[in-house]
1. Among the residues of the stretch 343-356, write down those that are within 15 Å of the chain's Cα centre (by Cα) and not acidic (Asp, Glu).
2. Output the residue which, of all residues in the stretch 386-417 that are open to solvent by less than 10 Å² (accessible area, probe 1.4 Å) and out of contact with any Leu (no Cβ under 9 Å at 6 or more places or on another chain), is nearest to Gln320 (Cα to Cα).
3. Identify all residues within the stretch 439-457 that are surrounded by fewer than 23 Cβ atoms within 10 Å (Cβ to Cβ), under 31 Å from the mean Cα position of the chain (by Cα) and either free of Cβ contacts under 8 Å to residues at least 12 places away in the same chain or not in a helix (DSSP H, G or I) (or both); write none if there are none.
4. From the list Leu273, Leu352, Leu338, Leu348, exactly one residue is open to solvent by less than 60 Å² (accessible area, probe 1.4 Å) and under 29 Å from Gly214 (Cβ atoms). Which is it?
5. For Phe420, all conditions in the list (1) open to solvent by 40 Å² or more (accessible area, probe 1.4 Å); (2) part of a helix (DSSP H, G or I) hold save one; what is the number of the exception?
6. For the subset of the stretch 209-242 comprising residues that are touching a strand residue (DSSP E or B) at 6+ places or on another chain (Cβ under 9 Å) and in a helix (DSSP H, G or I), which member is nearest to His195 (Cα to Cα)?
7. For Ile361, which of the numbered conditions (1) modelled with pLDDT of 90 or more; (2) under 21 Å from the mean Cα position of the chain (by Cα) fails to hold?
8. In this structure, is Leu242 hydrophobic (A, V, I, L, M, F, W, C), modelled with pLDDT of 80 or more, buried (at least 17 other Cβ atoms within 10 Å of the Cβ) and within 12 Å of Leu279 (Cα to Cα)?
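The values are calculated or read from the model by the stated rules, or taken from the named source; none is laboratory data. Remember, it's a predicted structure, so these values are computed and weren't measured experimentally. Cβ placement follows ideal geometry from the backbone for every residue including glycine, while neighbour counts extend to all protein chains displayed. Only protein heavy atoms, including side chains, enter the accessible area calculation; ligands, DNA and RNA are left aside. Shrake-Rupley method; radii C 1.70, N 1.55, O 1.52, S 1.80 Å.
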Amino acid sequence: MSPLLHVVEAGTPVQGNDELEKNLVQVEKVAYSQGLPPEAVSIMLEFAMSLRMGKTVFASASKWVNWGISMRVFRVRKLLELQSKLGRQPFLLHLLSLYKVFCPELVTLSIPSRMKSGFRNHISPWKSALIAVQKRNGLQGASSISLVFTNKDKTNPRKRKHCHLEFPALIPALNKEAQSEQSSSRRVVPLVELHSFAQLLENMHRIELPAQMGSLLGSSLALQYLDCVQDESALLRLNFWLGYAFHEEFLFCGDGGPSQTSEEALQFLNKLLSAQHFLQEGFSSSEVFLYKFLNVWDGSLLRPQILGLLSNIPVVPSSQIRRLLFEPLMQLFFTSSLFFKCGLMECLTNMLLKWLTWHSIYALEDDLDISLNSHTSINMTLSGFKDSMMELIHFVGRLASVGLQLEGCHCLLLSFVLDFYETVCDTFLKYGLPLIVMPPAGVFYPALFATDPVSVDRLAYIMHSNALNVAFHISRQTFREFNHYVVVMVNCLWNSRMFHPGMGVQLGEELLLKSNVPQYGSSFDLVHHPAFMNYAVNFHQKCWPGKKDMDLNSIKHSKPWSWYLEYLFTQGYDGLKHFVQSNISWQLKADDGQVDSQQR
């Protein structure tokens, strides 16, 4: 190394310097055969990026400058020192962008998010050379090239190499020699040496984090440590690692992203979802990734995994939720298939559940302030949380109303929509949030006139549950909507007054007469409703087995009606049962034995 240092004295010419070129070749030979110690790498970096030598020599010496990448722990401070002298040079930013993923506590400057990668980590000849030097020198531990490079025995040259999507092995951050130098009382315990939760608890305050934080996602024991300790620095490093992987492989990669579902991407997202499920919360890097990815997503690529990540995002402030979530999701919803619509409805229902769970866990006793995430410092007032909830509920109402029209009130989509509103009606009973929201007319009437009894029963459950939540103050508008829906349901299912004035669905008298439907007002009562007619026919055959002419109106007489209701409620329609019992009272008429009812 000394001959090289003598060459770079002030005033030494760069171009045409045969001695300089000979020394560079000699250093390269030594590097490939024996490797370079940290001190040598430090000297070479200072030489390559020196103000005296300029960029020409840096370009010619780019091969051995890569050695600086593999010594992360020792090179960050040197790079920051050079960066302060040279300014924001591209080659320095390229290196620092890599270091920031693994040592964010050291690299605090901001790196442009759209900056192209300057050091590819899948250059096979360079990777092979480094591995060969390591094997000859028997290197282990933190200087291992596995921090940067991943090795796959068989790769398809035409297939994109998802090198950032592989979870690294759980290796210690310190090598054995560094550990032996520490005193026995302060000896750190690598996570890889622990094999049970009891060992984890026993060594909780002496645990050494792994060399690469992405390996935590592949170990259940490491996730337990992360959940118990809630180390902010560990989460920061992990989020940087995830953000880098998302950035490289999904957002701004050179070939436009994974155009087809790859096994690597699928395994990566599934393992990430499993880790989030274990921790019961998402990562901030996943949230930031989703806000960007939704604008370029086609709705089909890795759909279950993307929707799973989306359901785990924390509460979004109402001032930003429309721009970040609603606008891209609305475009996807209205231009995608029925199955995507159902999947998105399920995702938004799970999102609502997560938000309500966070509220019930982290809300303070005075209801003035809630922490949205135990690992972040984002706080939101209770009124702000309710505003975000209302924005989400109204957004789903708009999607559901139009989506049901587009899909012809498909029973599968209606089922997912009713799942969401069942969660909404439980906000006070289960989560203590004083909130009552009625489903919009575009959801209420398709459910009321559905051809399957389950949808009608679930609508009755929603109405009955909301009736239990009126112990606190709600707006007049909500009261009007609730009372109007109750009147419509009672007149439709019970009183056989379907198309009377004041109903939500109104048709002219002339049009009703032209339909030639006899007793059109009773077309949707509990006997003639398309969803329950099968039960009415079955009940009629059991009550009057020898009767040739079937008259379903005979079920409405006194005792048959009571028996029919009992028969209907024994089929498992508890929502309908509770709605009838809480909103309708009836008695027998003395003259004809028919049932007379009135709304309570």
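1. So the first thing to find is which residues in the stretch 343-356 are within 15 Å of the chain's Cα centre (by Cα), and the list is 343-355.
Within the stretch 343-356, Gly343, Leu344, Met345, Cys347, Leu348, Thr349, Asn350, Met351, Leu352, Leu353, Lys354, Trp355 meet the criteria.
2. From the stretch 386-417, those open to solvent by less than 10 Å² (accessible area, probe 1.4 Å) are 388-389, 392-393, 395-397, 399-400, 403-404, 413-414, 417; that's our starting set.
So of that shortlist, the ones also out of contact with any Leu (no Cβ under 9 Å at 6 or more places or on another chain) come out as 388, 397.
Values: Ser388: 9, Gly397: 19 Å.
Looking at residues that are open to solvent by less than 10 Å² (accessible area, probe 1.4 Å) and out of contact with any Leu (no Cβ under 9 Å at 6 or more places or on another chain), I get Ser388.
3. Once the filter is applied, which keeps residues that are surrounded by fewer than 23 Cβ atoms within 10 Å (Cβ to Cβ), under 31 Å from the mean Cα position of the chain (by Cα) and either free of Cβ contacts under 8 Å to residues at least 12 places away in the same chain or not in a helix (DSSP H, G or I) (or both), the stretch 439-457 yields only Pro440.
4. Working: Leu352 fails: under 29 Å from Gly214 (Cβ atoms); Leu338 fails: under 29 Å from Gly214 (Cβ atoms); Leu348 fails: under 29 Å from Gly214 (Cβ atoms).
Going through Leu273, Leu352, Leu338, Leu348 in turn, the sole match is Leu273.
5. (1)
6. Out of the qualifying residues, it is Ala222.
7. Evaluating Ile361 over (1) modelled with pLDDT of 90 or more; (2) under 21 Å from the mean Cα position of the chain (by Cα) leaves (1) as the failure.
8. Values: hydrophobic (A, V, I, L, M, F, W, C): yes; modelled with pLDDT of 80 or more: yes; buried (at least 17 other Cβ atoms within 10 Å of the Cβ): yes; within 12 Å of Leu279 (Cα to Cα): no.
Here the answer is no, as Leu242 does not meet what is asked.
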